[in-house]
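Structure, as structure tokens:
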Amino acid sequence: MKKSIFIIALAALLTACTPAEDIKVTTDGPYAAVLQASGDVVLEKDNASALALSLNWSDNNNIATVGSAIAPANATVNTLQFSASEDFDTVVEYLCDKGSTAAQFTVETLNTICIKAGLDGGSAQPLYVRLASSLGANIAPVYSNIVIVNVTPFTVDFSLGHILTAAHEDTGATLKRTSDGVYSGFMGASSWFNWFLQEGDGTEWGNLGHDGKQFFISSADSKWNMWFPEPSGCYYTVVDTKKGEWSALNIPALTLAGDLSGEMVYDRAANSWSYTWNAASAGTVNVTVSGTGRQYDTTTGDSSFNESTVGFGGSASAVSFGSSASAISVAVGLAGEVSLVLNLNDMTLSVVAGGAGPVEVPGLLYAVGVNDGWTDADWDFDNYLVLYDADNLAYAGACNINSKWGYRFYTEKDNWSGYYGLESGDALSGALVAEVENNIPAPEVGMYLMQVSLSAKTYTNTAISGVYIAGVGRDSGWELLEMTPANEAGVYSLPVAVEGSTPWGFKIYINGWDYWFGGSEGQLRFGADGCPLDDSYIGSTCLFTVDICKGTYSIVKQ
């Protein structure tokens with residue numbers, strides 16, 4: 001084995017030499033380890049987290065030196081190499097922990113290694129494994145013996161890339177694989193939506209974990225989540241794992257021309273564009289669909305964009321997307337109110353009966369910025385009001401307010417667009433206006449009943465001085481029984497003796513009789529009918545607990 005030479009230039013050692021000179025220390029380096037494997041294995045996708053393969057090797061971490069210096073402990077760098085061929089012309093590497101003499105691999109991890117090494121799914125094939133050992137990146141390694149493990153990988157579907165949340169949960173949305181390592185498609189993204197892309201073999205891609213590197217991607221453990229720019233809406237998204245980058249082409253509007261003319265409407269939840277009109281008769285319409293996109297990529301970052309024209313072509317059953325539009329012929333099956341729908345999930349253009357559908361009314365309205373004084377943290381979506389009147393878009397709920405800079409109301413969790421700020425008013429009441437960066441002034445620190453009407457664009461805040469329960473079957477009839485606050489803000493409880501039937505349910509009242517919450521099945525709703533309490537509770541003392549911030553209640557017999 002060729003010896004490696006190290007030059008140690010420690011000041012203390014040099015000053016001890018007369019005259020000063022370099023001290024040369026040599027070592028034969030790490031010895032070739034003896035590698036062993038646990039045995040052949042058949043991989044099953046349903047057992048992804050099960051142990052599949054164990055590898056162990058003789059200890060070659062401590063090296064001997066010739067000279068006065070001692071080599072550091074665990075100086076050897078051991079790397080397991082996997083290959084589909086005995087000559088290891090293509091390898092998949094696994095860096096071993098310092099000082100370790102063994103490594104274990106789950107079914108999912110080993111299957112990923114096999115696929116990357118070039119093994120096909122569904123049949124037993126030899127996987128060649130060896131241990132490469134060296135003392136540094138620029139020093140040639142020594143190799144262990146080669147072990148052969150016959151592995152039957154499971155087939156991996158690389159046709160789709162799966163969209164994961166920032167918490168690595170599957171959203172159900174996908175991008176299609178258009179070429180080796182490249183995934184593309186349309187996504188309905190909220191403002192600053194954070195996400196990862198997962199390939200069929202389990203590899204996850206996110207943003208390169210360095211400041212100022214938006215739209216550069218990495219699969220390393222140090223990666224961050226990727227994020228969309230501020231405007232929510234329709235994005236044509238491309239993730240290129242070969243180039244190590246991704247791009248987002250925002251399409252804010254699409255225009256129809258030809259037999260139909262006008263602006264289409266985007267439905268982000270359905271990921272589709274639509275246009276509604278009254279068809280005089282059944283037949284065919286010929287249309288072009290085009291627009292101007294805003295391209296975000298590695299050259300622009302997330303704060304600027306380059307404009308580009310976009311258009312659709314092809315046929316109604318197989319719509320194509322590119323930089324220009326061509327006419328598409330679409331069958332109209334009936335007369336009357338109909339809608340032309342461009343479905344970006346399956347890339348089809350069709351005509352359906354009726355309008356494009358009702359606008360979805362969000363069930364929650366988020367009060368963002370009301371609690372940063374408590375947490376001393378960034379704004380979050382932890383506080384919300386609940387819809388109680390859909391016709392007037394009216395929301396209500398309790399919030400424990402301590403705000404440093406004021407707050408805004410947002411219509412969708414984690415979506416930083418679609419908000420309402422202050423048009424006029426003060427900390428207790430006023431008028432709202434959409435998409436204006438003017439925070440609503442916060443009241444003094446404390447618990448408040450917050451009421452908002454997005455239809456009337458108004459808000460009111462009422463300080464909460466007491467929380468009561470009333471309507472529980474009692475000989476004394478309806479009376480306000482004050483509940484006791486718990487340590488957790490918004491939580492109140494009270495044991496109550498149920499003496500009789502509760503035909504109208506019980507309610508939770510705020511500050512007296514003027515404001516109340518009713519509800520059912522453990523959920524409170526402002527102004528609703530009483531919460532049901534069946535006769536099985538009669539004769540029992542029950543602990544009633546409510547959380548007026550989260551809008552929940554519970555009943556426990558004592």
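With a Förster radius of 45 Å applied to the C-beta separation of THR79 and SER455, the computed FRET efficiency comes to 0.10.
By how many degrees, between 0 and 90 and to the nearest 10, does the Cα long axis of helix 107-117 differ from the longest principal axis of the chain? The angle comes out near 60 degrees. Placing a label point 7 Å from the Cα of SER350 along the Cα-to-Cβ direction, the residues of the range 305-341 whose backbone N falls under 20 Å from that point are 312-321, 328-341.
For the range 438-462 versus the range 368-399, the spacing of their alpha-carbon centroids is 9 Å.
Restricting the range 460-501 to GluC sites (Glu not before Pro) that sit in a DSSP loop and have at most 11 other Cβ atoms within 10 Å of their own Cβ leaves GLU479, GLU488.
Taking Cβ atoms as reference points and 15 Å as the exclusive limit, the residues near ARG268 contribute a net charge of -4, counting Lys and Arg as +1 and Asp and Glu as -1. Computed over neighbours whose Cβ is under 9 Å from that of GLY200, the net charge equals -2, Lys and Arg +1, Asp and Glu -1. Here is how the number arises for the chain: DSSP H runs of 4 or more residues each give -39500 (n - 2.57), the sum is divided by the residue count, and the result at 222 nm is -1000 deg cm²/dmol. Applying the criteria of a DSSP loop state and at most 15 other Cβ atoms within 10 Å to the GluC sites (Glu not before Pro) of the range 156-255 yields GLU169. You can think of it this way: the chain between LYS213 and SER520 has 105.6 nm of extra reach, that is 0.36 nm per residue less the Cα-Cα gap.
Counted by Cβ distance under 14 Å from PRO503, the other residues give a net charge of -2, where Lys and Arg count +1 and Asp and Glu count -1. Model label points for PHE88 and ALA269, set 7 angstrom from Cα along the Cα-to-Cβ axis, are 5.6 nm apart. In this rough spin-label picture, where each label sits 7 Å from Cα along the Cβ direction, the ASN286-LYS116 distance is 5.3 nm.
A short reminder: the numbers here are calculations on the coordinates, not readings from a lab. Nothing here was measured: the structure is a model prediction, and the numbers come from that model. Glycine also receives a Cβ, built like all others from the backbone with ideal geometry; neighbour counts cover every protein chain displayed.
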